[in-house]
Amino acid sequence: MVYRGPYKVRVEEKDMPVIEHPGDAIVRVELASICGSDLHLYHGMMPDTRVGMTFGHEFIGVVEEVGPGVRNLQRGDRVMVPFNIFCGTCWFCARGLYANCHNVNPNATAVGGIYGYSHTCGGYDGGQAEFVRVPFADVGPVVIPNWMDEEDAVMLTDALATGYFGAQLGDIVENDVVVVFGAGPVGLYAAKSAWLMGAGRVIVIDHLEYRLEKARAFAHAETYNFAEYDDIVVHMKKVTDHLGADVAIDAVGAEADGNFIQHVTAAKLKLQGGSPVALNWAIDSVRKGGTVSVMGAYGPMFSAVKFGDAMNKGLTLRMNQCHVKRQWPRLFEHIRAGYLKPSEIITHRIPLEHIAEGYHMFSAKLDGCIKPLVVPNAG
Amino acid sequence: MPYTPERPALTESSEQLRARIPGWGADLNREDRPSVPKLDRGEGTGVPGEFPERQPEKWPRERSIEHKFLTPVFGTSCPPHGLSGALRKYSYRKYSEGRAAHWLLLLGADRVDAWEQHLRSFLTLRPDNPITETGVLSEFTRHGISSRFGKKRADVKHQWLDPFIVAGPWLLMAALVWSVVRKASRSRPARRTELAN
């Protein structure tokens, strides 16, 4: 697929990716997915998103070719690829901060490299394609274990790892009340993960009934539709005996609905780096001294965030892109133990040639869409 | 409640939650959770202290001036070109990431790029097609109406604005072109009249 400008994508032939560095591999994509944060690109919110770019940072596939410096992979290996591109040797990688790698993104120092996520994240083409270049192939990708379902594997490349990371940043202790804003894939996984960490109560907020239904069934969560309340913050205070939640997780990011002015100035007119409605609700809904974990994706532009409230309430704000590969060993254990079945949230499987319809459906939230997979060579 | 020191009571005990929710408390011990940012656990996956070999720079690759030098590995998708490319290169050359001008110029260049590529597409055998490229046909095949109405969705309240925002720039441009053409067509006969007198 290639981006053609805001709200427009199409499928076209591009040159085959080539080995550009000794550590590169070329991967033939078997499954990819569309992430909620791809919608920020699709809507033209992320600076330096160039026409002609291929999106997609969640994918698995088969190694087609390796560069001369690659030792750990060989042609034919089926691999899952974390959405972060990272070298494994810089100051940040040496400390496990793979999402903040300093050696892969010349366009910015504030964010690392991400497949198919604009030039602000390094200018790499992504995996919603037949083939993709994978830099530092010895470092990021892992051979998919035989016992793992391929649809579970693709969920591990971002959404599940990010949701788990969101709960982890909440520093949940036994019996904590956790509220998750957003019942998309990351929110659902964050809610599910909060239980693994011993939460006493998990609440999920959204305005799409079919997603809230999934939050109840998949994540065993207590749910509220914010569209049914005049003020969801007041409602959150009421249902927590006026204390507020111990931990709030923003799993929405820059496209938040729920406030007309914010939505128009941010999501539509691009006058802010994003509509921080969900983040502001998280700040207001958490108790004083509580923790807000931000997993929603925001762009580099300024946003009208209620920082004064965060300061006066003594909140701990924690956030980052997920260091995906660090989450994998523990998540593999949870999947094997049957505590998690990531593919349960997948609702649609779309051939690559129909990706424009897939983007529109996902963006407009049609047809009960929660997580769409993209299948190259589906025909 | 917060007016007294007691915590609000939970409706279910840990034992009840453990019985009801698969895996409840499996990561209660924080040592079982993967390490979090700012912990130096020496988990680097490569050879410590090794600077990667450099990827060849096939054209002057734009970079943030906050970097000391071009990073050893970088993406090669969509090299800058045309007016949008000039704006992008200027933004990277002139402003750090701390400056709003940097990001606003890049966002502006994105819009210029979309227009450049849109116009260029008319010179090809595959011009842009707003029907197929916006995926709008999925409104008919993916339950466009029943997905939205009677569902208490917050976004439906502001969707009336979307056509204006999408069509607005096109209508403005059309009005501008119309106005220029009208002015030009009015000024020509007037000159002829003056010459005749």
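The values are calculated or read from the model by the stated rules, or taken from the named source; none is laboratory data. Computed from a predicted structure; not experimentally measured. Backbone-built Cβ (ideal geometry, glycine too); neighbour counts: all protein chains shown. Side chains included, ligands, DNA and RNA excluded: accessible areas come from the protein's heavy atoms. Shrake-Rupley method; radii C 1.70, N 1.55, O 1.52, S 1.80 Å.
Please give the helix A:159-169 orientation as an angle from the longest Cα principal axis of chain A, in degrees from 0 to 90, rounded to the nearest 10.
Here the helix axis deviates by roughly 50 degrees.
Treating the beta-carbon of each Lys and Arg as +1 and of each Asp and Glu as -1, no other charges, what is the dipole magnitude of the stretch A:260-321 about its Cα centre, to the nearest 20 debye? Present the calculation step by step, with values, prior to reporting the outcome.
Working: 7 positive and 2 negative charges, 10 e Å.
Here the size comes out at about 40 debye.
Determine the share of chain B's accessible area contributed by carbon and sulfur atoms, expressed in whole percent, with a 1.4 angstrom probe.
On the way: 8180 of 13050 Å².
Of the solvent-accessible surface of chain B, carbon and sulfur hold 63 percent.
Using packing as a proxy for protection, rank A:367-378, B:24-35, A:79-90 so that the peptide with the highest average count of other Cβ atoms within 10 Å comes first. Write down the numbers at each step before the final one.
Numbers: A:367-378: 20.0, B:24-35: 16.8, A:79-90: 26.8.
Ranking the peptides A:367-378, B:24-35, A:79-90 by packing returns A:79-90, A:367-378, B:24-35.
In Å, what Kirkwood hydrodynamic radius results for the stretch A:1-66 from the alpha-carbon pair distances?
Numbers: mean 1/r = 0.0753 Å⁻¹.
In the stretch A:1-66 this quantity evaluates to 13.3 Å.
So what is the relative contact order of chain A, in percent, for Cα pairs below 8 Å that sit 6 or more residues apart?
Numbers: 938 pairs, mean separation 63.6, N = 379.
About 17 percent, as a whole number.
Over the whole of B:15-22, what's the average partner chain Cβ count within 10 Å per residue? Rounded to a whole number, please.
Working: counts 0, 0, 9, 2, 0, 2, 8, 10.
Other-chain Cβ atoms within 10 Å of each residue's Cβ, averaged: 4.
Hey, got the average number of other protein chain Cβ atoms within 10 angstrom for residues in A:77-86? It would help to have the intermediate numbers written out before the result.
On the way: counts 0, 0, 0, 0, 0, 0, 0, 0, 3, 4.
Mean partner-chain Cβ count within 10 Å for A:77-86: 1.
For a quick check, take a GNM of chain A with Cα springs below 10 Å and name the residue from A:Val139, A:Val51, A:Val29 with the largest mean-square fluctuation.
Residue with maximal mean-square fluctuation among A:Val139, A:Val51, A:Val29: A:Val51.
Please report the carbon-and-sulfur percent of the accessible area for chain A; probe 1.4 Å, protein heavy atoms only, DNA, RNA and ligands left out. Mind showing how you got there, number by number?
Values: 5660 of 11160 Å².
The C+S portion of the solvent-accessible surface of chain A is 51 percent.
For chain B, state the average projected area of the convex hull of the C-alpha atoms over all orientations, rounded to one decimal in nm². Can you show the working numbers first?
Values: hull surface 110.5 nm².
Reported value for the Cα convex hull: 27.6 nm².
Magnitude of the Cβ-charge dipole of the stretch A:250-357, K/R +1 and D/E -1, about the Cα centre, nearest 20 debye?
The dipole magnitude comes to about 480 debye.
Find the sum over both chains of the accessible area lost when A and B are paired, probe 1.4 Å, and report it in Å² to the nearest 100.
On the way: alone 15420 and 17520 Å², together 24210 Å².
Interface area, both chains combined: 8700 Å², rounded to the nearest 100.
Compare the peptides A:106-117, A:326-337, B:173-184, A:191-202 by average per-residue count of other Cβ atoms within 10 angstrom and give them in order, highest first.
A:191-202, A:106-117, A:326-337, B:173-184
Averaged over its residues, how many other protein chain Cβ atoms are within 10 Å of peptide B:110-117's Cβ atoms? Intermediate results must be reported in sequence, preceding the final value.
Numbers: counts 14, 4, 0, 7, 9, 2, 2, 8.
Mean partner shielding for this stretch: 6.
When the dipole is taken about the Cα centre of the stretch B:67-133, and only Lys, Arg (+1) and Asp, Glu (-1) are charged at their Cβ, what size is it in debye, to the nearest 20? Spell out each step's value before the answer.
Details: 9 positive and 6 negative charges, 78 e Å.
In debye, rounded to 20, the stretch B:67-133 gives about 380.
Roughly how compact is chain A, stated as its Cα Rg over 2.2 N^0.38 Å to two decimals?
Details: Rg = 19.7 Å, N = 379, 2.2 N^0.38 = 21.0 Å.
Scaled against compact globular proteins, the figure is 0.94.
Order of A:144-151, A:162-169, A:210-217 by packing, highest average Cβ count within 10 Å first? Can you show the working numbers first?
Values: A:144-151: 14.0, A:162-169: 29.1, A:210-217: 18.8.
Highest to lowest by the protection proxy: A:162-169, A:210-217, A:144-151.
Quick one: helix A:209-219 against the long Cα principal axis of chain A, what's the angle to the nearest 10°, folded into 0 to 90?
Around 80 degrees separate the two axes.
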